[in-house]
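A.B. asks: Got a structure for you, questions after.
The values are calculated or read from the model by the stated rules, or taken from the named source; none is laboratory data. Not measured: the values here are computed from a predicted model. Don't worry about glycine lacking a Cβ; one is built from the backbone with ideal geometry, like all the others, and counts go over all protein chains shown. For accessibility, only protein heavy atoms count, side chains too; no ligands or nucleic acids. Shrake-Rupley method; radii C 1.70, N 1.55, O 1.52, S 1.80 Å.
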Amino acid sequence: MITLFRQFRQRLLSENKFSKYFIYASGEIILVVVGILIALSINNWNENSKLQAQELKLLKQLKSDLTENKKEIIELRERISINSSAMDTVVSKFKNKIHDTRFDVYATLIHRKSYFNNANSGYQLIGNISSTIISNDSILKGVLQLYEKDFVNIGNRQNLMNSTIDNRVYPLTNKLFKIKPLSIKFNALDAAASDVYTPLDFESLSNNHEYINTLLQLKRIFEERLNLSMQTNKRVEDMILLLEDEIKLKD
């Protein structure tokens, strides 16, 4: 084909048909430009298709991660609720001066720690690829809000609670309680417990203001974690619904 075009140009030149040659040359240039534009369009289409495929994969990963985190938050609330209920029972028995086996079990459960295992593969992909790959600004802002603020706050409260248990509660427990094997079970409240703390002197313990104030401080942390997890769970649920709608549009 190229040989035929070259021969045609040479014939026009040899016959001094410059006007026709000019028209022909202009046509060739237009064809070349059109060819380049078509090639660029195809290349852009291919690149856009790749980006859309990456975005869809990322959106599905984010949905999977947040679904897992939602389960984690629900389980976290259940574990912290056990802590909080145990604390209420201990304080109540102090007020009523009742020492029984249940008191020992609940006093032990106060020490149970709980952790939030943050599923963040999709969030990591945002940093590795580019945040601009997510075309929906509401999704991008919502995801960043969850991972860079809400989940960070959950982690901070978690560290505060566990630190309070380790550095404030346990030192007092080690002085005021003795450890003995747990001989009976009270459903889910002590399913993970193998030992139980029993006070050396319940009467003295019930009047120990340092110990009681430490428990009340820990109780406030329980409540803060419960409130924060409830608020975060609502935002996670909203984001999952938004991701589902976006995935349907792009899938």
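A.B. asks: With in contact (Cβ under 8 Å) with a residue 24 or more places away in the chain, open to solvent by 50 Å² or more (accessible area, probe 1.4 Å) and farther than 30 Å from K141 by Cα as the only criterion, which of R112, R77 stands out? Full working, then the answer.
C.D. replies: Numbers: R77 fails: farther than 30 Å from K141 by Cα.
Sole residue among the options that is in contact (Cβ under 8 Å) with a residue 24 or more places away in the chain, open to solvent by 50 Å² or more (accessible area, probe 1.4 Å) and farther than 30 Å from K141 by Cα: R112.
A.B. asks: Further, regarding this structure: Cβ-Cβ distance below 8 Å, separation of 6 or more or different chains: which pairs start in segment 143-163 with a residue that is in a helix (DSSP H, G or I) and end on one that is hydroxyl-bearing (S, T, Y) and open to solvent by 80 Å² or more (accessible area, probe 1.4 Å)?
C.D. replies: Close Cβ pairs satisfying both conditions: Q158/Y115.
A.B. asks: Quick one: in segment 193-208, of everything that is among the small types (G, A, S) and surrounded by 10 or more Cβ atoms within 10 Å (Cβ to Cβ), which residue is modelled with the lowest pLDDT? Don't jump to the end; show me each part of the working.
C.D. replies: Pass one, segment 193-208, residues among the small types (G, A, S): 193-194, 204, 206.
Of the ones still in play, those that are also surrounded by 10 or more Cβ atoms within 10 Å (Cβ to Cβ) are 193, 204, 206.
Working: A193: 56, S204: 95, S206: 94.
So, considering only residues that are among the small types (G, A, S) and surrounded by 10 or more Cβ atoms within 10 Å (Cβ to Cβ), the one modelled with the lowest pLDDT is A193.
A.B. asks: When residues of segment 121-142 are filtered for being open to solvent by 20 Å² or more (accessible area, probe 1.4 Å), assigned to a loop (DSSP other than H, G, I, E, B) and aliphatic (A, V, I, L, M), how many remain?
C.D. replies: 1
A.B. asks: Of the residues that make up segment 24-32, is at least one at pLDDT 65 or above and open to solvent by 50 Å² or more (accessible area, probe 1.4 Å)? Before the answer, list the steps.
C.D. replies: Within segment 24-32, the first condition is being at pLDDT 65 or above, and the residues that meet it are 30.
Filter again for open to solvent by 50 Å² or more (accessible area, probe 1.4 Å), leaving 30.
Taking every residue of segment 24-32 in turn, at least one turns out to be at pLDDT 65 or above and open to solvent by 50 Å² or more (accessible area, probe 1.4 Å).
A.B. asks: In segment 49-63, which residues are farther than 14 Å from I126 by Cβ and free of Cβ contacts under 8 Å to residues at least 60 places away in the same chain?
C.D. replies: Residues satisfying the conditions are S49, K50, A53.
A.B. asks: How about segment 165-177: which of its residues are assigned to a helix (DSSP H, G or I) and surrounded by 17 or more Cβ atoms within 10 Å (Cβ to Cβ)?
C.D. replies: The first filter runs over segment 165-177 and keeps only residues assigned to a helix (DSSP H, G or I), leaving 165-176.
Those that are assigned to a helix (DSSP H, G or I) and surrounded by 17 or more Cβ atoms within 10 Å (Cβ to Cβ): I165, R168, V169, T173, L176.
A.B. asks: If you don't mind, another one. Looking for whichever is within 30 Å of V152 (Cβ to Cβ), open to solvent by 80 Å² or more (accessible area, probe 1.4 Å), modelled with pLDDT of 65 or more and not hydroxyl-bearing (S, T, Y) here; the options are E68, E72, E55. Which one fits? Show your work before the answer.
C.D. replies: Details: E72 fails: open to solvent by 80 Å² or more (accessible area, probe 1.4 Å); E55 fails: open to solvent by 80 Å² or more (accessible area, probe 1.4 Å).
None of the other options fit; the residue is E68.
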